Amino acid sequence: MVKTNKVKGNKLPAKKLEFILAKALERQPKKRLNAKQLIKKLKIKNTRDSVEAVLERLAEKGKIQNVKDDKYRWLRHQSNDVQEPTEAYDGYVDLTRSGAGYIICEGLDQDIYVSAKRLKLAMNGDKVRVQLTSRRGRKPEGKVVKILERSQEKFIGDFQQNKNFAFVIPDDRMTPFDIIVYPKEQGNAKDTDKVMVEIAQWPERVNQSPIGRVTKVLDKTDRHGVMMQSILVNHGFDISFQKVVEQEAAKLSRIISQEEVDRRRDFRETVTLTIDPATAKDFDDALSIDFLDDGHVQVGVHIADVTHYVKPGTQLDKEAYKRATSVYLVDRVAPMLPEILSNELCSLRPNEDSLTFSAVFDFDQNFNIIKRWFGKGIIHSDRRFSYEEAQASIDGSSGDLAKELQALNKLSKILRDRRLNEGSIAFESPEVQFELNELNHPISIFTKERMDTHKLVEDLMLLANREVAMFIKKKEELEIPFVYRIHDQPDEQKLEEYALFLKELGFQFDLQSPRKIKESFNRLSEEARKDEVLAFAEPFAVRTMSKAIYSTENIGHFGLGFDHYSHFTSPIRRYADVLVHRILEKNLNAIARLDKSDLERMCRHISNQERKAQEAERESIKFKQVEYIAERIGQVFIGIVSGMIERGLFISLKETQIDGLIGFDTMSEPFDVAENRMKAIGQHSAQVIKIGQEIKVKIVDVNIDDLEVDMEIADGEGLD
């Protein structure tokens, strides 16, 4: 029996329901919950009567107690021996450095731990079928019984020639095998070359190696280039496209016919502009503004009409779905769509007619929306602004389109204030950027300045995304399956640990209710602007959060405080937006329903690809940070204690956010780490080192291959 998403949104069989209810009450032994509350919490479709019957059965068994008004609580002295039916689950592999992994399964509250020897050669990101074998305490364990889908078909590694065949030893140490390459598949590769190899045949047994073919010999002297390619390949992405995809893209017409213009709303006479990074080439959103005679203002959010060019079932569409997202490394992009689409046909370039899917809103004098319109449009962008250029127009009284930009900025601030008052969290995580030389080596690291223009674009994109989701949700009483962007409430245990962490830094975090939690996050954001230590601690808040994902099951977006939210505004780089455009278009003047289970399957794939892209992007940043600091061994920097383990202190350098480790064995005395890992105490001097403490450190060693930085306390640095 295979389970993929068998809790949320489903009616559970009796034994499964008993297990799930028991676990829910056991996890929160202080809570008193009735059937209705449990149904809402678990998002299940069982009737209230059936849930009450199971609760009564658990009470009869002495597992739970009916406290009052049919509210039940867990009896603390009881162990939960309610056994989950033997089942297999489908999920994705998340490997650890030890070689073991956790299988992330949709519908399970906990990930399933699988030891390295029971992974069946599954790699990071693979879709697998896992069977539960035991539960140690609260942690489920299992074994991989089948690999359903490989996340990676290409590898980069060292070519080693043997007598009758060759091996490719992958650079990624997490890869649990070498790859056999027979002579006819070796191309021009020679012994010790750095190569890219593609798997031709996966083994049927664990003790066998896959068979591959060399697709490219790389320049191993170009360490940067090889590393960046490795990051992409190791996460299952590629910059290049198959020939058939490129050919299909090349055949697309660049001419906009009069017939196409006639079926669209024409915005070409309305002032329209784009605001993007100075280096951007793919402009997938534009803004228009029209000051109406009655004093109202009409604002348009115009999005590249990717679905006009990318049709379902085409090679372009299949490849876009497979990739699901563009990947932005420090120095390059692995695009979701070929360049002819992303940078030309779909890009909303200035002084050109462009096809769009538009969301248009009329605002009254109090900036309330009094009219909405969604549909296909055509625009002619008057000006392409960088964020800096647009900010200069806003700050000055003159400049290109200053009046329009200032009006848009005023509107965005009002929308933002309302959103925050309604429960949105104002996260301001610093974004690291690099200045690279002609060899792509980092010569400086800085934090991206966040200007009003960044927030202006963000606020109007949030508006369009929210309004599109609301339009679909409220169009018909009977559900229209849709792609929602959802964000669950924070992990309670992580939030409690974070609150203790902040308490050590002098900040009181209120955990009493979701509303208080949001207020605490926003209060933290405000105080972090004045307090360096809290500014350091603020980004750690993200670790308490659930990951935002795509789903057909709309539970709202906790971080934004929205009941309905989608992604509509970036179809050039996100396939979720392509799906949203297609569903929205079909439901503008009719009712059209896709198969919900098929759509949910696509949502899971897109979410998984997004996670891998984020990992690749973080790894490229880490590589550049380590490459930068490798040329500064022996230099002294100011760092902050960001964490601690039994063998040392984690340090984050203030200016560059480079992370490293100070081993306790390099210090003047041994240290004991407190149980809550908030401080370390010297065994001889009783000297205390706390999380958030500022320390001068010296860089002593760097391992670029493992992305590790070793530090020590600088000479003469006191820790008081």
Inset, instruction - Answer yes if at least one residue in region 89-110 is within 27 Å of R173 (Cα to Cα), in contact with a Gly (Cβ under 8 Å, 6 or more places away or on another chain), modelled with pLDDT of 85 or more and of a type in the set (G, A, S), and no otherwise. - result: no
Legend entry - Condition broken by P442, with the remaining ones in (1) modelled with pLDDT of 95 or more; (2) touching a strand residue (DSSP E or B) at 6+ places or on another chain (Cβ under 6 Å); (3) not polar (S, T, N, Q) satisfied: (1)
Inset, instruction - Test E712 against the stated conditions and say whether it is acidic (D, E) and touching a Lys or Arg at 6+ places or on another chain (Cβ under 6 Å). - result: yes
Legend entry - Close pairs from region 625-642: first closer than 20 Å to D715 by Cα, partner assigned to a helix (DSSP H, G or I), Cβ under 9 Å, at least 6 apart: Q635/I629; F637/I629; I640/E532; I640/V533; I640/F536
Inset, instruction - Would you be able to tell me the number of residues in region 421-435 that are surrounded by fewer than 16 Cβ atoms within 10 Å (Cβ to Cβ) and in contact (Cβ under 8 Å) with a residue 24 or more places away in the chain? - result: 6
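Can you name every residue in region 474-509 that is among the hydrophobic types (A, V, I, L, M, F, W, C) and either assigned to a loop (DSSP other than H, G, I, E, B) or assigned by TED's automatic domain parsing to the domain that holds K41 (or both)? Before you say what the answer is, go through the steps one by one.
Of the residues in region 474-509, the ones among the hydrophobic types (A, V, I, L, M, F, W, C) are 478, 480, 482-483, 486, 495, 499-502, 505, 507, 509.
The answer is L478, I480, F482, V483, L505, F507, F509.
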Inset, instruction - Being over 11 Å from N10 (Cα atoms) and not basic (K, R) is the filter here, so list the residues in region 30-46 that pass it. - result: L33, N34, A35, Q37, L38
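For region 689-713, which positions are of a type in the set (D, E, K, R) and out of contact with any strand residue (DSSP E or B) (no Cβ under 8 Å at 6 or more places or on another chain)?
Filtering region 689-713 down to residues of a type in the set (D, E, K, R) leaves 690, 694, 696, 698, 701, 705-706, 708, 710, 712.
Passing the criteria: D705, D706.
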Inset, instruction - Answer yes if at least one residue in region 697-711 is modelled with pLDDT under 90, over 30 Å from K220 (Cβ atoms), in a strand (DSSP E or B) and outside the structural domain of E496 (by TED's automatic domain parsing), and no otherwise. - result: no
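This table checks each residue for (1) buried (at least 20 other Cβ atoms within 10 Å of the Cβ); (2) over 25 Å from R582 (Cα atoms); (3) touching a residue at least 12 places away in the same chain (Cβ under 8 Å); (4) in contact with a Ser or Thr (Cβ under 7 Å, 6 or more places away or on another chain).
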{"residue": "I275", "(1), (2), (3), (4)": "yes, yes, yes, yes"}
{"residue": "A278", "(1), (2), (3), (4)": "no, yes, yes, yes"}
{"residue": "D294", "(1), (2), (3), (4)": "no, yes, no, no"}
{"residue": "V306", "(1), (2), (3), (4)": "yes, no, yes, no"}
{"residue": "V310", "(1), (2), (3), (4)": "yes, no, yes, no"}
{"residue": "Q315", "(1), (2), (3), (4)": "no, no, yes, no"}
{"residue": "L329", "(1), (2), (3), (4)": "yes, yes, yes, yes"}
Inset, instruction - With the condition kept exactly as written, say whether any residue in region 665-688 is under 25 Å from Q625 (Cα atoms) and crowded, with 19+ Cβ neighbours inside 10 Å. - result: no
Legend entry - Residues being of a type outside the set (S, T, N, Q), part of a loop (DSSP other than H, G, I, E, B) and within 13 Å of A166 (Cβ to Cβ) - total across region 186-219: 5
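Being assigned to a strand (DSSP E or B) and surrounded by 17 or more Cβ atoms within 10 Å (Cβ to Cβ) is true for just one of V626, V641. Which residue is that? Before the answer, list the steps.
On the way: V626 fails: assigned to a strand (DSSP E or B).
None of the other options fit; the residue is V641.
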Legend entry - Within region 220-237, considering residues that are of a type outside the set (A, V, I, L, M, F, W, C) and assigned to a helix (DSSP H, G or I), the one surrounded by the most Cβ atoms within 10 Å (Cβ to Cβ): N234
Inset, instruction - Of all residues in region 436-461, count the ones that are of a type in the set (S, T, N, Q) and under 25 Å from E404 (Cα atoms). - result: 1
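Evaluate region 293-300: report whether one residue or more is among the small types (G, A, S), farther than 24 Å from L439 by Cα and out of contact with any helix residue (DSSP H, G or I) (no Cβ under 9 Å at 6 or more places or on another chain). Spell out the reasoning first.
To start, the set of residues in region 293-300 that are among the small types (G, A, S) comprises 295, 300.
Next, from what is left, pick out any that are farther than 24 Å from L439 by Cα: 295, 300.
Cutting the leftovers down to out of contact with any helix residue (DSSP H, G or I) (no Cβ under 9 Å at 6 or more places or on another chain) gives us 295, 300.
Within region 293-300, one or more residues are among the small types (G, A, S), farther than 24 Å from L439 by Cα and out of contact with any helix residue (DSSP H, G or I) (no Cβ under 9 Å at 6 or more places or on another chain).
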Inset, instruction - Tell me, please, whether a residue that is more than 19 Å from A541 (Cβ to Cβ), assigned to a helix (DSSP H, G or I) and not hydrophobic (A, V, I, L, M, F, W, C) can be found in region 442-452. - result: yes
Inset, instruction - Would you mention how many residues in region 9-33 are assigned to a loop (DSSP other than H, G, I, E, B) and in contact with a Leu (Cβ under 8 Å, 6 or more places away or on another chain)? - result: 1
Legend entry - region 40-58 residues that are within 15 Å of D69 (Cα to Cα) and in contact (Cβ under 8 Å) with a residue 12 or more places away in the chain, paired with ones that are outside any helix (DSSP H, G or I) and among the acidic types (D, E) (beta carbon under 9 Å, 6 or more apart): E52/D70; L55/D70
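From the list D172, D158, D219, which residue is modelled with pLDDT under 90 and either touching a strand residue (DSSP E or B) at 6+ places or on another chain (Cβ under 7 Å) or on the phi < 0 side of the Ramachandran plot (or both)? Break it down into steps so the answer makes sense when it comes.
Values: D158 fails: modelled with pLDDT under 90; D219 fails: modelled with pLDDT under 90.
Unique residue meeting the criteria: D172.
Residues checked against (1) over 30 Å from E519 (Cα atoms); (2) assigned by TED's automatic domain parsing to the domain that holds S566; (3) not hydrophobic (A, V, I, L, M, F, W, C):
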| position | (1), (2), (3) |
| --- | --- |
| F357 | yes, no, no |
| W373 | yes, no, no |
| G377 | yes, no, yes |
| S393 | yes, no, yes |
| K403 | yes, no, yes |
| F427 | no, no, no |
| A469 | no, yes, no |
Inset, instruction - Any chance you could count how many residues in region 57-69 are over 17 Å from P13 (Cβ atoms) and either touching a helix residue (DSSP H, G or I) at 6+ places or on another chain (Cβ under 6 Å) or surrounded by 15 or more Cβ atoms within 10 Å (Cβ to Cβ) (or both)? - result: 4
Legend entry - Residues that are under 30 Å from A590 (Cα atoms), within 31 Å of the chain's Cα centre (by Cα) and crowded, with 17+ Cβ neighbours inside 10 Å, drawn from region 348-392: L348, S354, L355, T356, F357, S358, A359, V360, F361, F374, K376, G377
Inset, instruction - Could you grab me the full set of residues in region 282-292 that are more than 21 Å from P338 (Cα to Cα), buried (at least 19 other Cβ atoms within 10 Å of the Cβ) and touching a helix residue (DSSP H, G or I) at 6+ places or on another chain (Cβ under 8 Å)? - result: L287, I289
Legend entry - Single match in S685, S668 (criterion: closer than 25 Å to Q635 by Cα, part of a loop (DSSP other than H, G, I, E, B) and free of Cβ contacts under 8 Å to residues at least 60 places away in the same chain): S668
Inset, instruction - Kindly state which strands (runs of 3 or more DSSP E) lie completely within region 351-423 and contain at least 3 residues that are basic (K, R). - result: 369-380
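The values are calculated or read from the model by the stated rules, or taken from the named source; none is laboratory data. Since we're looking at a predicted model, the values are computed, not measured. Cβ atoms come from the backbone with ideal geometry, glycine included; neighbour counts cover every protein chain shown.
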